[in-house]
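Structure first, commentary second.
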Amino acid sequence: MSKVISIHSFRGGTGKSNTTANVAAILVGRGLRVGIVDTDIQSPGIHALFGLDENDMDLSLNDYLWGKCEIRDAAQDVTAALKAQDPSIKGQAFLIPSSIKAGEIARILREGYDVGLLNDGFQRLLVDLSLDVLMIDTHPGLNEETLLSIAISDSLAIIMRPDNQDYQGTGVAVEVARKLDVPNLVLVVNKVPQVFDFDEVQARVEHIYGCEVGAVLPHSDEMMALASSGIFALRYPDNTMSQKLRLLAHRLIS
Ligand SMILES: Nc1ncnc2c1ncn2[C@@H]1O[C@H](COP(=O)(O)OP(=O)(O)O)[C@@H](O)[C@H]1O
Ligand SMILES: [Mg+2]
């Protein structure tokens with residue numbers, strides 16, 4: 001049975017794209033066929049983690065939404081980028097990037113698009129690419145696309161930082177996920193200063209939201225230094241952060 005996993009946060013810069021790419025890479029490492037859709041149309045970025053730039057993107061999610069191509073035509077096989085970091089990778093990874101061209105971002109913001117096409121596209125990808133898992137990297141906050149991604153997800157991770165600006169909005173996102181009956185909902189606390197007591201952070205967040213915390217991830221200098229140029233869990237497999245990401249991947253797939 002294939003699964004849809006969404007990674008969301010109420011505010012931006014929490015670590016959605018890095019978490020999505022890492023969980024995807026870990027699942028590919030286990031032999032799964034994984035599709036990754038960048039639905040952050042307004043500020044796309046996850047392609048960088050797979051070593052793609054503007055010139056490597058022939059077709060994008062935008063082209064599909066404009067009716068110019070089938071969604072599978074916008075899928076790029078990015079397995080080689082993962083294998084370059086870990087040759088033992090067994091599965092296959094496909095990225096459906098959002099356009100990074102200014103004119104195309106402006107056009108989609110100006111003209112909008114039929115959100116129903118996104119859902120059709122997700123379902124088509126699962127079938128056409130014989131995916132085990134479809135991962136959705138979302139735009140922060142709540143909008144129509146986000147609600148749709150949340151509503152169709154088997155698993156949802158909502159990422160927050162231990163920051164007062166994140167606390168309230170995360171509560172709203174959790175409430176929405178509950179109303180939409182997401183079967184498997186976890187919170188991820190990211191960028192936690194190393195001086196914090198991680199067990200205490202986990203207990204506090206679980207108490208506030210009445211929701212399981214799937215991972216408490218440290219603020220990591222290595223991650224900052226990697227600067228989204230690669231997949232942390234493949235580059236530093238023995239790092240504590242990578243162990244936690246593997247547990248999170250397991251939690252989201254089970
Ligand atoms: N645990 C972490 N420690 C340090 N830096 C991180 C961590 N997680 C993410 N980052 C950095 O934070 C920035 C935003 O991450 P990103 O995954 O793009 O977030 P989002 O997709 O939510 O905007 C990137 O520079 C990334 O390298
Ligand atoms: Mg992002």
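Read-outs: derived from the displayed coordinates by stated rules, not from any lab. Everything numeric here is computed off the predicted structure, so don't read it as measured data. Here the Cβ positions follow ideal geometry from the backbone for every residue, glycine too, while neighbour counts run over all protein chains shown.
The phi torsions of segment 210-219, fed into the Karplus equation with coefficients 6.51, -1.76 and 1.60 and a -60° offset, translate into couplings of x, 9, 5, 9, x, 6, 10, 9, x, 6 Hz, rounded to whole numbers, with Gly and Pro shown as x. The order of Cys211, Cys69, going from fewest to most other C-beta atoms within 10 Å of their C-beta, is Cys69, Cys211. Applying a threshold of 28 Å to the alpha-carbon distances of Lys16/Lys179; Lys68/Lys191; Lys101/Lys244; Lys90/Lys179; Lys3/Lys244; Lys68/Lys90 flags Lys68/Lys191; Lys101/Lys244; Lys90/Lys179; Lys68/Lys90 as lying beyond it.
By other beta-carbon atoms within 10 Å, ranking Thr20, Thr39 with the fewest at the front produces Thr39, Thr20. Karplus-derived 3J(HN,Hα) values for segment 83-99, using 6.51 cos²θ - 1.76 cosθ + 1.60 with θ = phi - 60°, are 5, 5, 9, 8, x, 7, 4, 10, x, 9, 10, 10, 10, 10, x, 9, 5 Hz; glycine and proline are entered as x.
What stretch of the chain, leaving out the sites themselves, is the longest with no GluC sites (Glu not before Pro) in a DSSP loop having at most 16 other Cβ atoms within 10 Å? Formally, the longest exposed-site-free interval is 71-211.
Going 7 Å from the Cα of Met224 toward and past its Cβ, which residues in segment 1-25 have a backbone nitrogen under 15 Å from where you end up? Within reach of a label on Met224, which here means backbone N under 15 Å from a point 7 Å along Cα→Cβ, segment 1-25 contributes 14-15.
Applied to segment 27-33, the Karplus parametrisation 6.51 cos²θ - 1.76 cosθ + 1.60 on θ = phi - 60° returns per-residue 3J(HN,Hα) values of 5, 5, x, 8, x, 8, 9 Hz, with x for Gly and Pro. Put in order of Cβ neighbour count within 10 Å, fewest first, the listed residues Ser130, Ser2 become Ser130, Ser2.
A simple count of charges around Ile108, restricted to other residues whose Cβ falls under 14 Å of its Cβ and scoring Lys, Arg +1 and Asp, Glu -1, yields -4.
Using C-alpha pairs under 8 Å with a sequence gap of at least 6, the mean separation divided by the residue count of segment 3-253 gives a relative contact order of 29 percent.
For the residues Gly31, Gly15, Gly210, a GNM of the chain with alpha-carbon springs under 10 Å puts the largest fluctuation on Gly210.
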